[in-house]
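The structure appears right after this line, and notes come after that.
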Amino acid sequence: MRIGAARQTYAADEALFETTVQRAWFAGLLAALVAFPFMADAYWLYLACLVAINVASATGLNILTGYTGLVSLGQAAFMGIGAYTVAVLEIRFGTPFLLNLVAAGLLAAAGGILVGIPSLRVKGLYLAIATIAASFILHFVFANWTSVTNGVTGLSMPPARLFGVALDTSFRMYWLIVPVTVLMVMGAANLFRTRIGRAFIAIRDRDISAEVLGIPLLRYKLMSFALSSFYAGVAGGLWAYFFRVVTPESFPLVMSIFYLAAIIVGGMGTILGPILGAAFMTMVPEVLKLGVGWLSPWVPDAVALLSPVRTIVFGALIVGFLVFEPQGLAEIWRRVRRFFHLWPFKT
Amino acid sequence: MTEGVAVTPALEIEGVSLSFGGLRALTDVTFSVAEGSITSVIGPNGAGKTSLFNAISGFYKPDKGSIRFHGAAIDRLHAPERARLGLARTFQNIALFRGMTVLDNIKLGRHAHMRTGLIDALFYFGRARREEMALRAEVEQRIIDFLEIDHIRKASVAALPYGLRKRVELARALAMRPKILMLDEPVAGMNREETEDMARFILDVKEEWGTTILMVEHDMGMVMDISDHVVVLNFGQVIAQGLPAEVQRDSAVIDAYLGSGDVGDLRRRLTGAAA
């Protein structure tokens, strides 16, 4: 159990990790992330990279939808902007990958600002529809701006190179993707300790009184769109380096819905939410697939029979979360922590 | 004490009219708020008090008239810009941010006066850290102690009882370091003890911080006790203004509150006011 933690400075009270125990756990997590690639096989490394990319993108969407209260179904399209930017820069100019990733983020952010302009007037479902429209327009551009995007065939690109080493395996990409994701998640966590993050939440909770406090709504809504799309753009860039083929069909509307589902399942408006949600949404179908594989010795035709069941189970899990745990996985985690803080005096 | 002073008033409302379609919410409202005073706007329900507040804070654009803040017209400024000038307000039906702690709500009051940019914020380094630490110290020492809410600083606003929420909203407005503090029914729905606490805080704000206060309130006891100047609105028009005692005796005011029938006459006879 934990006894009240006494703090003597305001800095200590405002720290990201308040206690030594928390800091130790975080150090442990980082160590586990470093050790993971040396113990996991290629399949799990592939999954880890995919989860990390999804975490980055979901964290971005969470800034916009979870914290600022602006529902967007354009996240995948912004990832598309990032992926195409990286592909074009890598193929045509061969610029360093870090520069490409930043460019991908910035270009996606510019797209986000454009799409965000209606957000001063339209809210909720109406804004969601407006962002869907934007994602259709972007899809059209990807498919038809042949001179740049190579149309429906898409672009195949060389791997990223770091000091002459091609990052062409999951093992190598892991060292690019995971640090970038960790940095972006930390950035989001920091943001919500400052005035800008507070302004986002203020807009979500009550935009009228936000204005009275001197928060210009349009400026901050656009800032939230830009930041969210920047995250999407960088995630899209990582995606492009990871799969090395970018086509207009790589970023369908369903993918935007996937991210929205991830932050809802994980818990909107929390830093932990998109991490848990993206991991859950990416891993559960795979885990269920493994489960089907283990059953195959006993159940004949298991793969054929159980594949549909797998999809149904996955859907039911999502519905279950919406009904029984609307605050998401982050809330469950909070409850578990609380239990151990109070244990054994209160259970 | 508020009349006939040569200095520029903190706030001047001049000939302000406001209508929604055919409904006239305010008609030619004119009054001024002296620097360092407590001015109360009273009037029956629907008299246009909150509309007046919304016009002053920049949500409604008056059809006619002008509003001057320390002598400068602010008619063209949007709500956030007026806030930055030092015009703070609270709301009748409490407009706190439910998803945040008390501390974060109060910190938001300082938003417009901080400089931290997006990049600083993402890295929480340099300016962001310095500003946040200075803000925390100021909020703790000047506001949380002052309003006696240190026991709830980490509590979620949604879980607080009504009286405390009103106090947190006052704290948030104070964090703006306002020149003029506008309070929309600060003691509505409070019991006597809470009302007295709030009245004490309002007087302390005026005395210690030198803040000018403009207040809408229905609690006549409190209005008459602490106001320097009272403005009475009825059907969107100013029907009387002056010292609390003068307003109390004004027959137009008595008519507006009690009607001109038997009750009004009775009251007039009892108080001996001029008919």
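The values are calculated or read from the model by the stated rules, or taken from the named source; none is laboratory data. Computed from a predicted structure; not experimentally measured. Every residue, glycine as well, gets a Cβ built from its backbone with ideal geometry; the counts of neighbours run over all protein chains shown. We work out accessible area using only protein heavy atoms, side chains counted, and drop any ligands, DNA or RNA first. Shrake-Rupley method; radii C 1.70, N 1.55, O 1.52, S 1.80 Å.
Of A:Phe230, A:Phe242, all but one fail to be more than 8 Å from chain B (Cβ to nearest Cβ), surrounded by fewer than 24 Cβ atoms within 10 Å (Cβ to Cβ) and hydrophobic (A, V, I, L, M, F, W, C); the exception is A:Phe242. Residues of the stretch B:136-159 that are surrounded by fewer than 19 Cβ atoms within 10 Å (Cβ to Cβ), more than 12 Å from every other protein chain (Cβ to nearest Cβ) and either part of a loop (DSSP other than H, G, I, E, B) or of a type in the set (Gly, Ala, Ser) (or both): B:Asp145, B:Phe146, B:Glu148, B:Ala155, B:Ala159.
Of the residues in the stretch B:82-93, none is surrounded by fewer than 16 Cβ atoms within 10 Å (Cβ to Cβ), in a loop (DSSP other than H, G, I, E, B) and of a type outside the set (S, T, N, Q). The one condition from (1) more than 23 Å from the chain's Cα centre (by Cα); (2) at pLDDT 90 or above; (3) surrounded by fewer than 15 Cβ atoms within 10 Å (Cβ to Cβ) that A:Leu162 does not meet is (2).
Residue count for the stretch A:245-257, restricted to those that are open to solvent by 10 Å² or more (accessible area, probe 1.4 Å) and of a type in the set (S, T, N, Q): 2. Taken over the stretch B:118-135, the criterion of being more than 7 Å from chain A (Cβ to nearest Cβ) and hydrophobic (A, V, I, L, M, F, W, C) is satisfied by B:Ile119, B:Phe125, B:Ala134, B:Leu135.
Comparison of A:Val323, A:Val303 shows that the only residue that is open to solvent by 70 Å² or more (accessible area, probe 1.4 Å), of a type in the set (Val, Ile, Thr), in a helix (DSSP H, G or I) and closer than 26 Å to A:Gly66 by Cα is A:Val323. Could you go through the stretch B:72-81 and let me know if any residue there is away from chain A (no Cβ under 11 Å), open to solvent by less than 30 Å² (accessible area, probe 1.4 Å) and farther than 15 Å from A:Leu213 by Cβ. Yes, the stretch B:72-81 contains a residue that is away from chain A (no Cβ under 11 Å), open to solvent by less than 30 Å² (accessible area, probe 1.4 Å) and farther than 15 Å from A:Leu213 by Cβ. The residues of the stretch A:189-222 that are open to solvent by less than 10 Å² (accessible area, probe 1.4 Å), touching a residue at least 24 places away in the same chain (Cβ under 8 Å) and facing chain B (nearest Cβ under 8 Å), listed by number, are A:Leu191, A:Ile196, A:Gly197. The criterion of being open to solvent by 30 Å² or more (accessible area, probe 1.4 Å), more than 9 Å from chain A (Cβ to nearest Cβ) and at pLDDT 90 or above does not hold for B:Lys49.
Residue pairs whose Cβ atoms lie under 9 Å apart, separated by 6 or more positions or on different chains, with the first residue in the stretch A:275-304 and farther than 18 Å from A:Ala58 by Cα and modelled with pLDDT under 85 and the second assigned to a loop (DSSP other than H, G, I, E, B) and among the small types (Gly, Ala, Ser), are A:Ala302/A:Ser296; A:Val303/A:Ser296.
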